[in-house]
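Values quoted throughout were computed directly from the atomic coordinates according to the rules given, and no laboratory measurement underlies them. What you are looking at is a predicted structure, and each value in this text was computed from that prediction instead of being measured. Here the Cβ positions follow ideal geometry from the backbone for every residue, glycine too, while neighbour counts run over all protein chains shown.
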Amino acid sequence: MTTHATGPLAGLTWLKRGINLGRHNARAVFGAAAIMMFVGLLPGVLQLIVLSIFKPDANGAMIVAAGANVLSIIVVSPFIGGFLRLIDASENARPASAGDIFQPLRHGGDAGRMIGFGLLMTLYYVIIGVALLTVFGDGLWDWMTKVMSLQQAAGETPIDPSQMPDAPEGLGRLLGLGSILFLFLSGVYAIGFGQVALGGRPVRNAMADGVIGTAKNLLPILLLAILVVLASIPFGLVLLLVFSIVTVVGGAIHPTLAVALIMPLYLALMVVLYVIMFGVMYYLWRDVCGPALPQGEAPPPPPASSNNHQIEL
């Protein structure tokens, strides 16, 4: 199986398709996204419970956070694979329901390979992160420990800026280089995980496909990242305005009402973002690892309607 180089504007196409995902089988796509969102919240909830019970110091809190991240990878990876398969079925006019997101957990569903790929990618993130910290992160660990200690001591009270320790000198270089490597690894993850979940590739081969496919498509992936950053600014401002209005109106009646109004909006927003994010991931994988198209030919559009496939959960 080979990877393809796409055009420089492919990143715009992936984002547009990700935003439009779910039009043809909304019940399945958005229902599955809601399931995955709640599953993804479980490790974080468990982390908060452990922190509230044991109240560890800064180093202990980091260890708990690392354990929660590993647990999240183990728990969520099969659901990501199931969601990608559900998207693929919906986009190819095959019957699909929200419950299909559990398919990898069934016998022969390849959940082990999905978890293995997620853990291997995490290992690479750690190795690269340690290498960056070794070269550019002199004093960063001590700075982070001091900041976390101040946060724990302050509790819910805002930290006095004058008490914040000075950031280490290499922090700017570390963030810049780390952002570039994170962007590259994000492409590797999207393509490689798609190969495991949809291409049937072993973990090692999927990782190689991810690296090669990302290297061939650095320009569209970079464009995609720029578009996401630019779009997030006005989108975030609008959301801030909406949430502020809802909070003020609800809080004027009762603080509990404000929370009751905000939570459904927040959860709905998270579901929409899940759909867009994994839609972009799917279309990136499909264009890079799908069947090669004749030169100048555009990918086929999604089915015009799939109302017959909107199966209730």
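Over segment 10-293, the ratio between the Cα radius of gyration and 2.2 N^0.38 Å evaluates to 1.11.
About its Cα centre, segment 10-293 has a charge dipole of approximately 980 debye under the convention of +1 per Lys or Arg Cβ and -1 per Asp or Glu Cβ, with nothing else charged.
Please compute the contact order of the chain in relative form: average sequence separation of alpha-carbon pairs under 8 Å and at least six residues apart, divided by the residue count, as a percent. Write down the numbers at each step before the final one.
On the way: 351 pairs, mean separation 113.2, N = 313.
Relative contact order, the chain: 36 percent.
Just to confirm the number: angle between the C-alpha axis of helix 140-154 and the first principal axis of the chain, 0 to 90 degrees, nearest 10? Tilt relative to the chain: about 70 degrees.
Relative to the dominant Cα principal axis of the chain, helix 26-54 is inclined by about 30°. When the chain is described by a simple charge dipole with +1 on each Lys and Arg Cβ and -1 on each Asp and Glu Cβ, the residue from GLY44, THR256, LEU9 located farthest towards its positive end is LEU9. In order along segment 177-184, the Karplus-derived 3J(HN,Hα) couplings, from 6.51 cos²θ - 1.76 cosθ + 1.60 at θ = phi - 60°, round to 5, x, 5, 5, 5, 5, 4, 5 Hz, and Gly and Pro are given as x. Once backbone amide H atoms are built at 1.01 Å from N, ALA96 has ILE311 as its partners under 5 Å, excluding neighbours fewer than 5 places away on the same chain.
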